[in-house]
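The values are calculated or read from the model by the stated rules, or taken from the named source; none is laboratory data. What you see is a predicted model, and the numbers here were worked out from it, not measured in a lab. Every residue, glycine among them, receives a Cβ derived from its backbone with ideal geometry; neighbour counts consider all protein chains shown. Surface accessibility is based on the protein's heavy atoms, side chains included, excluding ligands, DNA and RNA. Shrake-Rupley method; radii C 1.70, N 1.55, O 1.52, S 1.80 Å.
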Amino acid sequence: MANIMFPPAVSALLAGLSLAALSPASLADHSWGGYHWARTTSQFALQLGDNMGGDWKPFLYQTSSDWNNNGDTPVLTSVVDGTSNKRCAMVTGTSQVCNGKYGYNGWLGLATINIVNGTHITQGSAKMNDSYFNLAKYNNPNEKLHVVCQEVAHTFGLAHQSENGESLDTCMDYFSNTGANAGSTSSTRPNAHDFEQLKIIYTHTDTITTVATGSAPAKPGNRPDKAVVDISDDPRSWGRLISQSANGRSSTYERHNPDGSKTVTHVYWTEEAASKCRSCDHRFDRHD
Ligand SMILES: [Zn+2]
Ligand SMILES: [Zn+2]
């Protein structure tokens with residue numbers, strides 16, 4: 001079949017038309033690598049394992065409710081008893097959510113997912129670092145809700161809408177609810193664009209499922225390869241640095257595992273860690 005060639009002016013016009021024809025939803029573009037949970041239904045419930053201390057629990061329940069509160073959103077969440085601990089070992093088919101004093105290592109929040117077959121998420125974890133959240137600067141409800149909302153949503157397969165510190169009024173940005181903005185509730189919840197992106201990511205269904213179902217989540221250590229696909233508190237276990245925001249507050253690491261799976265980690269650095277050297281790999285900086 002012969003290709004139909006248009007003169008340049010017509011091609012430009014057609015290109016303009018096709019852009020104009022895009023729906024607003026298709027402009028959403030903050031999928032995290034196309035990663036998603038495999039499931040056979042258009043809507044599914046992801047278990048969020050609650051390993052949180054009492055002061056954090058309200059924020060986990062709030063963000064679970066916020067992510068559920070959008071009509072036919074494909075990713076529903078349910079908070080279930082944690083089967084992990086502060087170490088936040090991943091549990092197949094679930095996202096474990098934890099807080100703890102992980103030390104003055106430069107990070108506020110950490111989200112990790114394990115990937116099989118290129119894009120399918122099999123398990124996730126989200127950690128909040130109390131070593132910083134116990135400090136006056138970060139210890140306020142808005143900053144806590146912002147970070148837990150973002151780390152949990154990374155385990156759905158969402159990335160950031162913005163990384164330059166502006167507020168798009170989504171928790172998937174890097175607005176800082178600290179200092180003069182400590183009382184601001186901006187960026188503590190998902191916005192419409194996040195739900196559009198989830199619909200795009202989950203518009204197809206799969207023939208298999210990687211999501212745990214039923215009321216009793218699988219126990220940790222239920223995979224013989226558990227030790228090789230999880231990360232530890234040692235940042236060298238995150239693998240290779242593959243991307244970092246210009247302001248140095250957001251980094252992504254990736255590790256290829258012996259079983260063929262991939263472990264991907266999003267790190268939310270403190271402003272202090274990022275500002276020392278914005279293009280450095282902050283894992284190996286001295287943080288104090
Ligand atoms: Zn799929
Ligand atoms: Zn993030």
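Cβ-Cβ distances below 6 Å connect the following pairs, each with a first residue in region 24-53 that is among the aromatic types (F, W, Y) and within 16 Å of ligand 1 (Cβ to nearest atom), a second residue that is at pLDDT 90 or above and open to solvent by 10 Å² or more (accessible area, probe 1.4 Å), and a separation of six or more residues or different chains: W32/A159; Y35/T119; W37/T210; W37/V211; F44/V211.
Specify the residue that is farthest from V152 (Cα to Cα); the eligible residues are those in region 256-272 that are within 16 Å of ligand 2 (Cβ to nearest atom) and not in a strand (DSSP E or B). Applying the filter and picking the extreme gives E271. The strands (runs of 3 or more DSSP E) found entirely in region 50-149 that carry 1 or more residues being over 25 Å from Q197 (Cβ atoms) are 75-81, 95-100, 120-129. Total residues in region 164-177 satisfying the condition of being in contact (Cβ under 8 Å) with a residue 60 or more places away in the chain and either away from ligand 2 (no atom under 16 Å from the Cβ) or closer than 19 Å to Y61 by Cα (or both): the figure is 2. From the list S232, S251, S215, the one residue that fits, being polar (S, T, N, Q), at pLDDT below 95 and open to solvent by less than 80 Å² (accessible area, probe 1.4 Å), is S232. Residues in region 33-64 that are touching a helix residue (DSSP H, G or I) at 6+ places or on another chain (Cβ under 9 Å) and under 10 Å from N99 (Cβ atoms) were compared, and the one that is most open to solvent (accessible area, probe 1.4 Å) is D55.
Check region 73-80 and report whether any residue there is more than 17 Å from the chain's Cα centre (by Cα), surrounded by fewer than 24 Cβ atoms within 10 Å (Cβ to Cβ) and closer than 17 Å to T213 by Cβ. Yes. Every test in (1) part of a loop (DSSP other than H, G, I, E, B); (2) open to solvent by 30 Å² or more (accessible area, probe 1.4 Å); (3) at pLDDT 95 or above is passed by P224 save one, and that test is (3). Look at region 152-163: where a residue is within 19 Å of W56 (Cβ to Cβ) and polar (S, T, N, Q) and a partner is within 9 Å of ligand 2 (Cβ to nearest atom) and open to solvent by less than 10 Å² (accessible area, probe 1.4 Å), sitting 6+ places away or on another chain with Cβ atoms under 9 Å, you get T155/A111. Considering region 41-53, and only residues there that are closer than 20 Å to N114 by Cβ and over 17 Å from the mean Cα position of the chain (by Cα), the residue that is farthest from ligand 2 (Cβ to nearest atom) turns out to be F44. If you check L158 against the conditions, is it open to solvent by less than 10 Å² (accessible area, probe 1.4 Å) and of a type in the set (A, V, I, L, M)? Here the answer is yes, as L158 does meet what is asked.
This table checks each residue for (1) within 16 Å of ligand 1 (Cβ to nearest atom); (2) out of contact with any Gly (no Cβ under 8 Å at 6 or more places or on another chain); (3) among the hydroxyl-bearing types (S, T, Y); (4) under 26 Å from K262 (Cβ atoms).
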site: S125; (1), (2), (3), (4): no, yes, yes, yes
site: N134; (1), (2), (3), (4): no, yes, no, no
site: E143; (1), (2), (3), (4): no, yes, no, no
site: H146; (1), (2), (3), (4): no, yes, no, no
site: H154; (1), (2), (3), (4): no, no, no, yes
site: G157; (1), (2), (3), (4): yes, no, no, yes
site: Q161; (1), (2), (3), (4): no, yes, no, yes
site: N164; (1), (2), (3), (4): no, yes, no, no
